[in-house]
Amino acid sequence: MDLLQVGRGTDFITGAPTTLAMSADLSEAPADWSAVTQAAQRVTGRRGEVLTDEAGTYLWHESHGLGRTTVTATSTGLRVESDRAGHYLAHWFGGLLVWAVASAALPLSLGPLIGALLFLVTPVVLARPLWRRSDNKARVRLEELAMELLRAADERTQ
């Protein structure tokens, strides 16, 4: 039951990926995925939708406005993915507000070119450390979710 962490996104600019994923191998797929569904809803605190197909692929996903969580399982493996692009947008918007307050409070006249560059760069720079801290918390939550799902799947196979 090794977990493989995968991060995707524009982490060079933001400081952390906007999509996190973890994959694990299953020794045997459970006949009934209901325990996995209940575990996913319990850990995330959100109700999701379950889809299955003829090949036996199980999919649980939820969307909570700023992001979404997806669990995909087959007879050989489990993948948990968290899309957090909307959460980054909220961090960026906070940086934009800080820039707006600072630029209104400081009576600096830097010229239109420097002002435009600061308008583009400052929100990203201000959001970056907060986004990195948020990424650490999201990774811990995603790992907790993956481990709980593996426990639930393992209990159903025994």
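Before moving on, here are some points about what is shown:
- When the chain is treated as a Gaussian network with alpha carbon springs shorter than 10 Å, the biggest mean-square fluctuation among 51, 113, 26 belongs to 113.
- Under a Gaussian network description of the chain, with springs only between Cα atoms under 10 Å, the residue in 21, 127, 104 that fluctuates furthest is 104.
- Here the calculated FRET efficiency for residue 49 and residue 101, from their Cβ-Cβ distance with R0 = 41 Å, stands at 0.50, rounded to the nearest 0.05.
- For residue 140 and residue 61, a Förster radius of 22 Å and the Cβ-Cβ distance give a FRET efficiency of 0.60, rounded to the nearest 0.05.
All of the numbers you see were taken from the coordinates with simple rules; none came from a lab. Here the structure is a predicted model, which is why all the values come from computation and not from measurement. Cβ sites come from the backbone with ideal geometry, for glycine too, and all protein chains shown count toward neighbours.
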